[in-house]
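What follows is a set of notes on a single structure, which appears directly below.
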Amino acid sequence: MLLDVAKRDALAARIANLSIPTGGGWLGAARAEALARLLAMGLPGKRDEYWRYTDPSSLTTAVPPKTPLFATDNELMPFSGLDRLKLVFIDGVFDAVQSDDLALAGVEIERLGIAGRSDIHWAQSLYGVLEARGQMPVERPLSALNSAFATDGVLVRVKGNAERPISLIYHSNSENSDAILHHCVSVEEGAEITILENGPAGARFNKVIEVDLAKGARFHHISAQGRNHQCRAVTHIFARLAEGALFKSFTLTANSLLTRNEAVIELLGDDAMAHVAGAALGDRNFHHDDTVFVTHAGQRCESRQVFKNVLKNGAVGVFQGKILVKNGAQKTDGYQISQSLLLDGDSQFFAKPELEIYADDVKCSHGSTSGAIDETALFYLRSRGVPTQMAQGLLVLAFLAEAISEIDDNSISDLIRAQLEGWLV
Amino acid sequence: MIEIKNLHVKLEKEDKKILKGLNLSIGAGEVHAIMGPNGSGKSTLSYVLSGREGYEVTGGLVMLDGVKLLDMEPQERAAAGLFLAFQYPVEIPGVSNMTFLRTAVNAQRKARGEEEMSASEFLKVVREKAKTLKIDVDMLKRSMNVGFSGGEKKRNEILQMAMLEPRMCILDETDSGLDVDAMKLVSEGVNALRSPRRSFLVITHYQRLLDHIKPDVVHIMAAGRIIKTGGPELALQVENNGYADLLAEGV
Ligand SMILES: Nc1ncnc2c1ncn2[C@@H]1O[C@H](COP(=O)(O)OP(=O)(O)OP(=O)(O)O)[C@@H](O)[C@H]1O
Ligand SMILES: [Mg+2]
């Protein structure tokens, strides 16, 4: 298909300043293929159906809008107290000084730039591969752009039970930060890992994680975006699950001008389970978009999507969630809920839940609600002496509880809850 | 303790008058009961005293220990010692009883400039008080009132009262929905809190409760006013004859 002129020009402008890192190797080939995909698709535009509720223009301009740096010292990092392997990226480049050694029992960790130079590598069958699969039936050009131009990332191969979580931390030192990071995680049969992500990132952030889960593998992902309001981010997580695998992802978004989080999950093997959850808290010119696409191909798989938005002062929340049940995916159990708590009349929540089912023996449900705070509950709390703001904070936490409870590890969900309590109560 | 003078209240959104010149005065350490037909304004009085929105005070004055009550926010009234046991306790999914109670106790202490209760001390006290009310501690870990039976909700109100140690307690039909044993438990809970420094306003439809919680004064309320005041014998009279005679007298 030929791109129209406007789209072609926009794409040319966007990639004019980008260059594919040299070094050849398997990665060079993967990048070239991704670039070809991107050139065929063009960048997303306002009129694209998949971007109906979210204007992608600030994600696609040649350079990001200049953005003041965020002072992290006035904000506690949620995972500080945890025993974890820290990997720090500054403006999209791995920072060895602030990071721990890339050594974790049961896990191989390599930097993308270095591992990419070899002729063959295990990540060849993953890097850009799930992203490419994810371009059907809906195009996700910003993820192809990422595969082509990623400045850095890590390749993680998990062979046993990782003894502690890998914690990816994103910082920025530049007002024009335009970071593009790409990680691959392959979890081998029966192995298990937890990946944490946090940090204020910067002016613009494009991140992709591709996750390949072998039979019985277990993957936990908890991402807590900090309170840097000035950032714009587009993230994709692509996952492929073999028989009996478990995928769990939770994202906390407390601020930012624009966030688009896409999760694209394929349940290929039988008896696999994928849960994607998110909690977003928005104030003023906040625009948050969770876009999820779950494909059931195996039998007896379970998927859950649980998204909660708390919005005030004109903030906007978006949920686009789809469950596609393929022919033969019998006994599928699919659940999807998206809810918003609108703290005033100015805020808006758009939900587009979709089910597409080609198997006959399935159980799928979806629901979406938007509502105000429960005034009766608020009065009940206040009548017991709880100040209004604190009472409202407790009710907001209660509203978010279902999403937070999707985190399996209680020590981590407690940290997330404590972080929110600190912000709200 | 509390003094209500010529209180007039209407609904904020409609032109409906509910309280029409109500006078009531309760001294320290006294227990007063209010009885009255459905819709006479008893719950409205309790809500207006605790500061619920939706009502407009068009006249009158309420003093709690010499301070103007109606000028305060609900949370300030609570910190000043006012407590309402709700006729319909509210369910709050996602907020555990424990969190609710600890937040309330400490918020009140903070408002009064007192030291907050430590987690361990709080737990000890709450366990003790729950036990006397036969409330299972596991129940306290659950969401506020969610899935509680009617009687459990009412006992939970009394537990909150016991934890918060208010000085002016208003009980709105705390006996409704209670079985005979629970009514005894709740009454014992209330009686245990009786003290020369604490006053009670007990709203009820049934004389039975007043066998357990012995009132000093009984008021009859009708159409937004107190139409008769007397001793415990007034409750017996209502129990036996209903309101017809009293209403006829009151006009
Ligand atoms: N928020 C409201 N909206 C509409 N009407 C109200 C509201 N609050 C109170 N009322 C009306 O005011 C009157 C008094 O109600 P209230 O609940 O105070 O009565 P009550 O004496 O407590 O009755 P009961 O014995 O049935 O509990 C009733 O007619 C009721 O319908
Ligand atoms: Mg009532």
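The values are calculated or read from the model by the stated rules, or taken from the named source; none is laboratory data. It should be emphasised that the depicted structure is a prediction, and the values quoted were computed from it without experimental measurement. Because the Cβ atoms are built from the backbone with ideal geometry, glycine has one as well, and the counts that use them run over all protein chains shown. Only protein heavy atoms, including side chains, enter the accessible area calculation; ligands, DNA and RNA are left aside. Shrake-Rupley method; radii C 1.70, N 1.55, O 1.52, S 1.80 Å.
The table below lists the values:
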item: Of residues in region B:38-86 being within 16 Å of B:Met221 (Cβ to Cβ) and part of a helix (DSSP H, G or I), the one farthest from the other protein chains (Cβ to nearest Cβ); result: B:Lys42
item: Odd one out for B:Pro93, checked against (1) within 7 Å of chain A (Cβ to nearest Cβ); (2) open to solvent by less than 50 Å² (accessible area, probe 1.4 Å); (3) more than 26 Å from B:Asn6 (Cβ to Cβ); (4) away from ligand 1 (no atom under 16 Å from the Cβ); result: (2)
item: Residue ranges of strands (runs of 3 or more DSSP E) in region A:332-425 with at least 1 members within 14 Å of chain B (Cβ to nearest Cβ) and not β-branched (Val, Ile, Thr); result: A:333-342, A:363-371
item: Residue check for B:Gly189: within 27 Å of B:Thr99 (Cα to Cα) and either surrounded by fewer than 22 Cβ atoms within 10 Å (Cβ to Cβ) or more than 16 Å from ligand 2 (Cβ to nearest atom) (or both); result: yes
item: Output for region A:91-108, where each listed residue is within 21 Å of the chain's Cα centre (by Cα) and either among the acidic types (Asp, Glu) or surrounded by 20 or more Cβ atoms within 10 Å (Cβ to Cβ) (or both); result: A:Asp91, A:Gly92, A:Phe94
item: Sole residue being over 30 Å from A:Leu397 (Cβ atoms) and more than 16 Å from ligand 1 (Cβ to nearest atom), chosen from B:Met168, B:Met139, B:Met144, B:Met161; result: B:Met168
item: Condition met for B:Lys134 (without any contact (Cβ under 8 Å) to a residue 24 or more places away in the chain, among the basic types (Lys, Arg) and out of contact with any Gly (no Cβ under 6 Å at 6 or more places or on another chain)); result: no
item: Residue list for region A:16-27, restricted to those being open to solvent by 20 Å² or more (accessible area, probe 1.4 Å) and either within 23 Å of the chain's Cα centre (by Cα) or not β-branched (Val, Ile, Thr) (or both); result: A:Ala16, A:Asn17, A:Leu18, A:Ser19, A:Pro21, A:Gly23, A:Gly24, A:Gly25
item: Answer from B:Leu201, B:Leu247 - the residue that is within 16 Å of ligand 1 (Cβ to nearest atom) and in contact with a His (Cβ under 7 Å, 6 or more places away or on another chain); result: B:Leu201
item: Test for B:Ile170: is it within 16 Å of ligand 2 (Cβ to nearest atom), more than 14 Å from the chain's Cα centre (by Cα), in a strand (DSSP E or B) and within 22 Å of B:Ser25 (Cβ to Cβ); result: no
item: Residue within region A:141-152 that is acidic (Asp, Glu), open to solvent by less than 40 Å² (accessible area, probe 1.4 Å) and under 28 Å from A:Leu43 (Cα atoms) present; result: yes
item: Among (1) within 16 Å of ligand 2 (Cβ to nearest atom); (2) out of contact with any Phe, Trp or Tyr (no Cβ under 9 Å at 6 or more places or on another chain); (3) in a strand (DSSP E or B) - the single one B:Ser199 does not satisfy; result: (1)
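Listed here are the residues, each with its yes/no results for (1) modelled with pLDDT of 95 or more; (2) of a type in the set (S, T, N, Q); (3) exposed (fewer than 15 other Cβ atoms within 10 Å of the Cβ).
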position	(1), (2), (3)
A:Arg31	yes, no, no
A:Leu38	yes, no, no
A:Asp48	no, no, no
A:Arg52	yes, no, yes
A:Ala62	no, no, yes
A:Thr67	no, yes, no
